[in-house]
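Notes follow the structure.
Values quoted throughout were computed directly from the atomic coordinates according to the rules given, and no laboratory measurement underlies them. Please read all numbers here as calculations on a predicted model, not as lab measurements. For neighbour counting, all protein chains shown are included, and Cβ atoms are generated from backbone atoms with ideal geometry for every residue, glycine included.
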Amino acid sequence: MAITRWDPFRDMFALQNRVNSLFQEFNRGQGETDALATAAFVPAVDIYEDEHHVVLKLEVPGMKQEDLDIRVENDTLTVRGERKFEKEEKEENFHRIERRYGSFYRAFTVPNTVNTENVKASYDAGVLRIELEKRAEAKPKQIKVQVGSGAAAPKQVEGAAAPKAAETKTAA
């Protein structure tokens, strides 16, 4: 009887190979175009604010205006879209496909300081820019502070005193 050394990683590698073959068989059942169309992506986003707006910038290059859907509903801003694979070139002529295609969905909670009635969206050079205007009461207000002798002292208001009894006799 031969003695074999136990390798704890051998079982993990065997399990990994079995799982990999399962996924490969699942992908073989679908056509190449089906696997490509179901690959979703999540566009990168930058969010910043200034004193008047909250601004979101999403990277969605190569998309058309009709492929984008922007909605504000119940204090939630949703951006949906779909980047479609161009069928101009044959897929077998590609050496590498790294760009992501398919649909995406992003949702953002809108703060209560934002006026959801006034939302602007623009698209330029592959960047979708969404501007949410802040409410007037949320905008910062500057208050001037007066220092030193320049500050006006509060004025005292003197009321007219009631005429004395002696003054009323002389006037009569």
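What the table below lists for this structure:
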item: Per-selection Rg to Rh, region 40-138 - Cα, Kirkwood hydrodynamic radius; result: 1.08
item: Counted charge near ARG129, where neighbours are those whose Cβ lies closer than 12 Å (Asp, Glu -1; Lys, Arg +1); result: -2
item: Potential extension, ARG18-THR109 segment - 0.36 nm per residue separation minus Cα distance; result: 28.6 nm
item: Burial order of peptide ranges 55-62, 112-119 (average beta-carbon count within 10 Å, highest first); result: 55-62, 112-119
item: Length gained when the stretch GLU131-LYS64 is fully extended (0.36 nm per residue, less Cα-Cα span); result: 22.2 nm
